[in-house]
Structures are given as structure tokens and as C-alpha cells.
Amino acid sequence: MCGEDGLPAADPGLCELVKDAGRELGFAPEEARIVPLVGDGSDRRFYRVFYRGFHLVALVSPRRKAEGTDENDSYFTIGRHLESIGIPVPKVLWADVERGRFLMEDAGDRHLQEHVLRRPRGVMRTYERVLLLMGRLHRYGMEGFDPGFCFDGDLYSPRFVYERELEYFREFFLEFYIGLDAGPEDLRQDFEQLAEAAGVTERRTVIHRDFQSRNIMVCGGGLRLLDFQGMRYGPPAYDLASLLVDPYTALPEAVQERLAGFYRMLAARCSMDGLARFRENYAAVRLCRNLQILGAYANLGARKGKRQFLRFVPRAWMELRHWLAGPCRGRYPRLSRWVQWVQRDAQLSRKVR
């Protein structure tokens, strides 16, 4: 317990947050009831704070950078930016950005993932609403967006793609999780080609970069967008790929194609700069996203011990094989050979089934 106030002692940062926010917002910390919320892949800590008939969400996220833009800075500034252009995000009511403490609107407990799995008959209608939200982000996101908002680089560049997505897959999925001796040179030629095809060099549009079903809340009949701190300049097709290839919802291929068609129609109708041409690099960015997902599941599930993520590997692996045999057939032969090796080896393939 936190001294006399009755707050959980396991997280001193939370205790300080509730006390400081309580003084400024006018509620008594000792009367607050606090419940930890189950996190996902992030190391940040979330809590639901109940007080006299209303509830808020507290976030404790210790600063990681002593100098320059930190993830907390990005979360705060990008959140305000998104609010300013009409993107529904949880409103921050109190913040100590320097120490990574936030008190914000409660967006509820129902992710898009849970919503569509409970209501499969309404999938198309629900996803069309989500795509309208995505379209608004892409159409208006550039207005007032500043590179200084970004804590981890501001561009989805070929170099970023190569280092942060493709090498991430090779290191954590192929080497660490599967156990293959796949060195950097074994995939360099394919990865350089893929990074050039997917990455951009111009700052024409902004993307969320993790636009998937667990970062979209269905709340009070509306939507709320979460985890936007990684937002940067990039190809809008990447967000579309993130939503459609998402293993959490495992959308059937026919549904994915219909939604991609809806997105193309939306882009053409709104004359959004860059969106109508997303076909040019959609195949490449979708492949990159697929590889990034597998790298993330391996890192979180096998390396960090969050084994719940490993159950989504089979779906992501199936999507990878499908994409390499379909739209990307023959383009990346070295990557395809490694994938085939895993698939044909009885012992290795158990990890992807």
C-alpha cells in the first residue's frame, strides 16, 4: 500500500501520479480505487482509476532518453495533434510528460479484435468505419505535423525498413525463434531490394505505423485510436496492410480484398495525395509488415517470455507464405528459400504450426 492513502505500493510512479493529478483535478486520492490493466506488447503500465462514479486511465511510462525527444514527448504531442485534426484519441486530462505520467479518458475494454470476433456478421460495416478513420488520418495528418514530434525518426525510409523491420525479422524470428543460422549476408540482396520498394524518401503523408485491431477501441458507439506515438511520414499503404494482414482478427482473403477495394474508392473520391497510388508499393509494404509482425511475436513471445503472442505466429506465417507465392512471387528468391526450408523441415515447422 502507498502509505496512508491506500494506493497500490507496487508502482510508486502510480502513487505520485494519482496524488499530483488529484490535487490539480480536485479529487481525493485516498478515495480512488485503482485496478491494473493487462498490458500488451508494451512495457508501459496502465491502470483504471475509479472515483465517485467516473473512471479514468492512468499511464506510467518512465522516460528512456535523457536528452532529445522521448517516447512520452511523442505520445503527448502527437495525441494533441490528432485531436486537433479530429482523430478520436483518449483525451489527456493531466500529464507530467517529463516523468511519463498521464491521466486520460477511459476508452473502455473492447478492442476492434474482440468486437469483430463477437460480431462476425458486421465485419464489413465495422471495418468500413475503421477505414474512414484511417482515411481521415492520412488526408489531414500532415496539417501541422512536425518532424520534432517523432522520438524514433520521422520517416519510413528504406534504411529504416531494412534495419528495423527486415533485420528485426531475420534476427528475432529466423535466428532466435526458429534457430536458423541466417546471417545478414544471406538475405542482404533481397532485403535491400525490398527496403527500396517499400520505403519512401519524401515526406508527403503520415502513417500510424501500427494500425491494427488491438490499437483501435470500440467505445460508446465510436472508435478511439491508441498507440500513436510511433507515427511518422510514410506510405499510407502501410497502415492498410497493417490492418488487413493483422493476425489477431485473421480476416479471410475475400474480405481483405473487398476492404482494399473500399480503401481505393475512398482514396479516389477524396483525392487524397498519394493514397490513390498505393498499389505501387502495397505488395512490398505488406510483406515488410508481415515480416515485422513475425519478428515482434518472436521477440515478445520467445525472448521476453510473453508467450501469448506465439499463438498468432501460425496465422502470420501462413500470410507470409501466401504473399511470397502470390503478389511477390519470384521477387525475393533468397527469402523464399529460407521460408521453404522452415516449412519442409518437420522439426522447424512445428514452431510455425
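Read-outs throughout are calculated quantities, based only on the coordinates presented, and are distinct from any laboratory measurement. Just so it is clear, the structure is predicted and the values come from calculations on it, not from any experiment. Don't worry about glycine lacking a Cβ; one is built from the backbone with ideal geometry, like all the others, and counts go over all protein chains shown.
In this structure, E30 and K65 have a Cβ-Cβ separation that, at R0 = 45 Å, corresponds to a calculated FRET efficiency of about 0.85. Using Cβ point charges alone (K and R +1, D and E -1), the dipole size of the chain about the Cα centre works out to roughly 1580 debye. Other residues within the sphere of radius under 11 Å centred on the Cβ of R119, judged by their own Cβ, net out at +3 (K and R +1, D and E -1). In this rough spin-label picture, where each label sits 7 Å from Cα along the Cβ direction, the R334-H55 distance is 5.1 nm. Packing, as the average of other Cβ atoms within 10 Å across residues, places the peptides 206-213, 235-242 in the order 235-242, 206-213, highest first. Projecting the alpha carbon convex hull of the stretch 41-184 along each direction and taking the average yields 12.5 nm². Note on E175/A346: beta-carbon distance plugged into 1/(1 + (r/R0)^6) with R0 of 22 Å gives a FRET efficiency of 0.65. Diagonalising the gyration tensor over the Cα atoms of the stretch 40-119 and scaling each eigenvalue by 5 before taking the square root yields semi-axes of 23, 16, 14 Å, largest first.
Based on C-alpha pairs under 8 angstrom that are at least 6 apart in sequence, the chain has a relative contact order of 15 percent. Secondary-structure-derived ellipticity at 222 nm for the chain, considering helices only, amounts to -13000 deg cm²/dmol, per-run term -39500 (n - 2.57) for DSSP H runs with n ≥ 4. The per residue volume of the convex hull around the alpha-carbon atoms of the stretch 112-168 is 141 Å³.
For the stretch 124-252, the relative contact order is 30 percent, taking Cα pairs closer than 8 Å that sit 6 or more residues apart in sequence and dividing their mean separation by the residue count. Measuring spread by the Cα atoms of the stretch 155-288 yields a radius of gyration and Dmax of 16.0, 51 Å. Binning all Cα-Cα separations of the stretch 282-343 at 5 Å, short to long from zero, yields these whole-percent fractions: 4, 18, 27, 24, 15, 8, 3, 0.
Straight-line cross-link reach from K19 at under 20 Å between alpha-carbon atoms covers these lysines, not counting any fewer than eight positions away in the same chain: K91.
Across the chain, the longest piece that holds none of the GluC sites (Glu not before Pro) lying in DSSP loops with up to 15 other C-beta atoms within 10 Å covers 203-353.
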